[in-house]
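For reference, the structure discussed in these notes is given below.
The values are calculated or read from the model by the stated rules, or taken from the named source; none is laboratory data. The structure displayed is predicted, hence computed values, not measured ones. Every residue, glycine among them, receives a Cβ derived from its backbone with ideal geometry; neighbour counts consider all protein chains shown. Just the protein is used for accessible areas: all its heavy atoms, side chains included, with ligands, DNA and RNA removed. Shrake-Rupley method; radii C 1.70, N 1.55, O 1.52, S 1.80 Å.
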Amino acid sequence: MNGPQLRDIHLPAAPWWPPAPGWWVLAAAVLLVALGVAWWWRRAARARLPRAVLREIDALEAGYARDGDAARVVDGASRLLRRVARRVEPEVASRTGEAWRAFVHRYARAAVTRAALDQLADARFRAQPTVEIQALLVALRQWCRDALRAPQAPGGVTPAQYTLRRPAP
C-alpha cells in the first residue's frame, strides 16, 4: 500500500461536565429525599421528650395504683419536674423557694395546676404526704406539656437534643 497510513476512527473524549439531564434529575431527587428525611427526623425529635415524660408519669400512676405509696409518687413527680425544668431552662432547675415557684407558675396556665404543684414542693419532704395524687399527676402532665411546648429560652436545649435521662440511683 502506497500512501499515508490511515488510523481507525476515534471519538473525542467524553466531557464530564456538564452532566446529562438525567443526572441533574437524580441529584435533585436525592437532595429532596435528604431534606425530607432531615425534616422528619427533627419533627420526630421534638416529639420524643414529651412522649418520654408522659410515659414516666403513667409509670408513676401505675406504681401508685399497684402499691399506694404516695411518698414515692411525690418524690418521682418532683424529680421529673426538675428534670423537665432543666431541659426547658437549664439554669432554673437549681432554684428553690420563691424563685422556683415563680418558674413553675410561668408555665402553669391554670390555677388548679399551680395549686397542685405548690403542694408538691412541700409534700416531697414529708414522710406521709397529704396530696391528692390524681390531681397532682394531672397537673404534672399539663405543666410538662405546656413547658415543653413553649419556645425555648436563650441557652435552652434545642428539640434535636431532647433526651430524658434519669439520674443514677
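Determine whether segment 150-169 contains at least one residue that is in a helix (DSSP H, G or I), at pLDDT 90 or above, under 19 Å from Ala45 (Cβ atoms) and open to solvent by less than 50 Å² (accessible area, probe 1.4 Å).
No, there is no match, as no residue in segment 150-169 is in a helix (DSSP H, G or I), at pLDDT 90 or above, under 19 Å from Ala45 (Cβ atoms) and open to solvent by less than 50 Å² (accessible area, probe 1.4 Å).
With respect to Arg46, is the statement that it is touching a helix residue (DSSP H, G or I) at 6+ places or on another chain (Cβ under 9 Å) and closer than 20 Å to Arg145 by Cα true? Full working, then the answer.
Values: touching a helix residue (DSSP H, G or I) at 6+ places or on another chain (Cβ under 9 Å): yes; closer than 20 Å to Arg145 by Cα: yes.
Considered against the rule, which asks whether it is touching a helix residue (DSSP H, G or I) at 6+ places or on another chain (Cβ under 9 Å) and closer than 20 Å to Arg145 by Cα, Arg46 comes out as yes.
Can you confirm whether segment 119-131 contains a residue that is of a type in the set (Val, Ile, Thr), touching a residue at least 40 places away in the same chain (Cβ under 8 Å) and either within 23 Å of Arg46 (Cβ to Cβ) or open to solvent by less than 40 Å² (accessible area, probe 1.4 Å) (or both)?
Checking segment 119-131: at least one residue is of a type in the set (Val, Ile, Thr), touching a residue at least 40 places away in the same chain (Cβ under 8 Å) and either within 23 Å of Arg46 (Cβ to Cβ) or open to solvent by less than 40 Å² (accessible area, probe 1.4 Å) (or both).
Would you check which residues across segment 1-40 are loosely packed, with under 11 Cβ neighbours inside 10 Å and either within 30 Å of Arg87 (Cβ to Cβ) or in contact with a Pro (Cβ under 9 Å, 6 or more places away or on another chain) (or both) and list them?
Selection gives Ala34, Leu35, Gly36, Val37, Ala38, Trp39, Trp40.
Output the qualifying pairs, or none if there are none: Cβ atoms under 7 angstrom, residues six or more apart or on different chains, first residue in segment 133-160 and at positive phi, second residue surrounded by fewer than 17 Cβ atoms within 10 Å (Cβ to Cβ) and at pLDDT 85 or above.
Gly155/Pro90
Quick one: in segment 44-74, of everything that is open to solvent by 50 Å² or more (accessible area, probe 1.4 Å) and touching a Pro at 6+ places or on another chain (Cβ under 9 Å), which residue is farthest from Arg141 (Cα to Cα)?
It comes out as Arg46.
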